[in-house]
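The values are calculated or read from the model by the stated rules, or taken from the named source; none is laboratory data. Quick caveat: nothing in here was measured; it's all calculated off a predicted structure. Neighbour counts run over all protein chains shown; Cβ positions are idealised from the backbone, glycine included. Side chains are part of the model used for accessible areas, which takes the heavy atoms of the whole protein and leaves out ligands, DNA and RNA. Shrake-Rupley method; radii C 1.70, N 1.55, O 1.52, S 1.80 Å.
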Amino acid sequence: MRDAQDRPLRAGERLTRRKLLAAAAATGGALVGGDLMHGSAPAANAQSTAAVPAALDMNLRVNGTEHRLSLDPRTTLLDAVREHLHLTGSKKGCDHGQCGACTVIAGGRRILSCLTLAVMHQGDSITTIEGLGAPENLHPMQAAFVKHDGYQCGYCTPGQICSSVAMLDEIKAGIPSHVSADLTAAPQVTAAEIRERMSGNICRCGAYSNIVEAIAEVAGSKA
């Protein structure tokens, strides 16, 4: 047996706990230091980086226009419209599907574009806020948001408007929500229904009451 100074223990000499720990630390440090000095990397780092997938050619129909793109298959729909089509109305808020700022309408349904891949929506008719209306020809929901001051900083507004337009279509289609009292009856446009159905769209400015008023006006309701 050797002590922490790497010398043999003499007969009758005690190996104390302190000496044992010191010896273990010295030995372990030498091994680790030797590995690093010789340039050996941990097994995880030694593995070669996975190759980047080849770009895929895809067709996306956005706001009534066909676009042919060549994209990394991992590209989200949000990044496709923002970074490649330069339609920057849809916002990247949380990038985790929690705020709703990236909401667009695809195939007639509102979706969180940060959580879906662009390649999955070939053949869908995709509508972003730019496709709903223009400054000189506003969509009724856009005009109602302006009238009722349904925004403050405006960052979440594109997602709010896209979501509200699709949400009213869901009500017209008879799709119930968590607060619908009768799941077999046609849902009504009430304040409770609007708040529940729009709960996935967060407004940090807190313009919720104005947003409800804007949606209710478009729906022809007194919610």
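Quick notes
- Filter result (over 20 Å from Gln98 (Cα atoms) and either outside any loop (DSSP other than H, G, I, E, B) or open to solvent by less than 20 Å² (accessible area, probe 1.4 Å) (or both)) within the stretch 188-208: Ala191, Ala192
- In the set Ala185, Ala216, only one residue is open to solvent by less than 60 Å² (accessible area, probe 1.4 Å), under 14 Å from Gly150 (Cα atoms) and of a type outside the set (Phe, Trp, Tyr); that residue is Ala216.
- Tabulated pairs, the stretch 195-223, first within 12 Å of Ser163 (Cβ to Cβ), second assigned to a loop (DSSP other than H, G, I, E, B) and β-branched (Val, Ile, Thr), C-beta under 9 angstrom, 6+ apart or interchain: Arg197/Val179; Ile215/Val189
- In the stretch 128-139, the residues that are under 12 Å from Val104 (Cα atoms) and either part of a strand (DSSP E or B) or of a type outside the set (Gly, Ala, Ser) (or both): Thr128, Ile129, Glu130, Leu132
- Among the residues making up the stretch 52-103, those that are acidic (Asp, Glu) and either out of contact with any helix residue (DSSP H, G or I) (no Cβ under 6 Å at 6 or more places or on another chain) or open to solvent by less than 30 Å² (accessible area, probe 1.4 Å) (or both) are Asp57, Glu66, Asp72, Asp79, Glu83.
- Taken over the stretch 167-182, residues that are surrounded by fewer than 10 Cβ atoms within 10 Å (Cβ to Cβ) and charged (D, E, K, R) amount to 1.
- Screening the stretch 154-173 for residues that are of a type in the set (A, V, I, L, M) and outside any loop (DSSP other than H, G, I, E, B) and picking the one that is farthest from the chain's Cα centre (by Cα) gives Ile171.
Let's see how each residue does on (1) in a loop (DSSP other than H, G, I, E, B); (2) touching a strand residue (DSSP E or B) at 6+ places or on another chain (Cβ under 9 Å):
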residue: Leu78; (1), (2): no, yes
residue: Gly93; (1), (2): yes, no
residue: Gly97; (1), (2): yes, yes
residue: Val119; (1), (2): no, yes
residue: Ile126; (1), (2): no, yes
residue: Met141; (1), (2): no, no
residue: Gly150; (1), (2): yes, no
